[in-house]
Amino acid sequence: MNTNLTYYLVLGICLFAVGTAGVLVRKNPLVMFMSVELMWNAVNLIFLAFSRYLADAAGQVFVFLVITVAAAEVATGLGIIVVVFRRRRSLDADRLSALKE
Amino acid sequence: MILFGILALLALVFAVFMVATRNAVHSALFLIGNFVILAILYITLGAEFLGLAQILVYAGAVMVLFLFVIAYLSAGTEASETGPALAWQLPLGIAAGVLSLGLLLWGTLGAVLTPTAAPPHFGSLAFLGRALFTTYLFPFEITAFLLLAALVGVVVLVRDER
């Protein structure tokens, strides 16, 4: 089993950066939300790499909790997006500027 | 090593396509591909149960929910990227991504770590279950309340107001 920590760290960091750029660049809230999911998973990968490297169960338990929290987050987040769409009939994050005025 | 290289390349390509493609459904499908690749990587790290949970929960349940909402809201998705653009959003967003990549790499690659030998059955269901139901029992119970709160919250949020 290959467990070279650095390669996993670099892959996790690259995925996290792609997710960051995705949240900032895209205007469709659904795709922004998917980018956040990508960032969760990049962090999970790094957790598991450290867990394997230090032979510690805490990393795996933490990933388990993160998956649970992400499921709850997706449910509530998509609920909020559906409510916003019902009120404004639009899926453009740029138009959600009610707090600006 | 070769396996890791192929999987890492595929995961990155799927992630970049997920961000770059215009169509929200294609984004979701690319993200499912990325999650499956990540599940394989989890298994190569010895986390067999979490790899399977990743496929079941993320690639399965979460992405089905995403696709369902995309289909439900599809009336607005085609025009959503054509509205009045924020000035400099694209170059600044990409620059911020590259900057975070550089900062994280710079902060991480200097660290020196010594590996520890893995105990037998590391990452098996029994191993994870023992940790989850002894040392980490309290956080595990808290997640049950979290899921309940999310469930009730969504029902309250999206109910008809009539």
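Confirm whether A:MET39 is in contact (Cβ under 8 Å) with a residue 60 or more places away in the chain, at negative phi and within 13 Å of the chain's Cα centre (by Cα).
Details: in contact (Cβ under 8 Å) with a residue 60 or more places away in the chain: no; at negative phi: yes; within 13 Å of the chain's Cα centre (by Cα): yes.
Judged against the criteria, A:MET39 is not a match.
Conditions (1) within 7 Å of chain A (Cβ to nearest Cβ); (2) exposed (fewer than 11 other Cβ atoms within 10 Å of the Cβ); (3) under 25 Å from A:ALA49 (Cα atoms); (4) among the charged types (D, E, K, R), marked per residue:
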{"residue": "B:ILE94", "(1), (2), (3), (4)": "yes, no, no, no"}
{"residue": "B:GLY123", "(1), (2), (3), (4)": "yes, no, yes, no"}
{"residue": "B:LEU128", "(1), (2), (3), (4)": "yes, no, yes, no"}
{"residue": "B:TYR136", "(1), (2), (3), (4)": "yes, no, yes, no"}
{"residue": "B:PHE140", "(1), (2), (3), (4)": "no, no, yes, no"}
{"residue": "B:PHE145", "(1), (2), (3), (4)": "no, yes, no, no"}
{"residue": "B:ALA149", "(1), (2), (3), (4)": "no, no, no, no"}
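I'd like to check something: does segment A:60-73 contain any residue that is in a helix (DSSP H, G or I) and over 18 Å from B:PHE49 (Cα atoms)? Walk me through how you get there before you give the answer.
Within segment A:60-73, the first condition is being in a helix (DSSP H, G or I), and the residues that meet it are A:60-73.
Imposing the further condition that a residue be over 18 Å from B:PHE49 (Cα atoms) reduces the set to A:72-73.
Yes.
Could you say which residue among A:LEU5, A:LEU24 is at the interface with another protein chain (Cβ under 7 Å from one of its Cβ atoms), touching a Gly at 6+ places or on another chain (Cβ under 7 Å), surrounded by fewer than 20 Cβ atoms within 10 Å (Cβ to Cβ) and not polar (S, T, N, Q)?
Values: A:LEU5 fails: touching a Gly at 6+ places or on another chain (Cβ under 7 Å).
Checking each option against the conditions leaves just A:LEU24.
If B:THR116 satisfies every condition in (1) in contact with a Ser or Thr (Cβ under 8 Å, 6 or more places away or on another chain); (2) at pLDDT below 85; (3) of a type in the set (Ser, Thr, Tyr); (4) farther than 17 Å from B:ALA28 by Cβ but one, which is the exception?
(1)
In segment A:42-64, how many residues are facing chain B (nearest Cβ under 7 Å) and within 14 Å of the chain's Cα centre (by Cα)?
Adding up the residues that qualify gives 2.
If I go through segment A:49-101 residue by residue, how many of them are touching a residue at least 60 places away in the same chain (Cβ under 8 Å) and small (Gly, Ala, Ser)?
1
The values are calculated or read from the model by the stated rules, or taken from the named source; none is laboratory data. Since the model is a prediction, treat every value here as computed from it, not as a measurement. Using ideal geometry, Cβ is built from the backbone for each residue, glycine included, and neighbour counts are taken over all protein chains shown.
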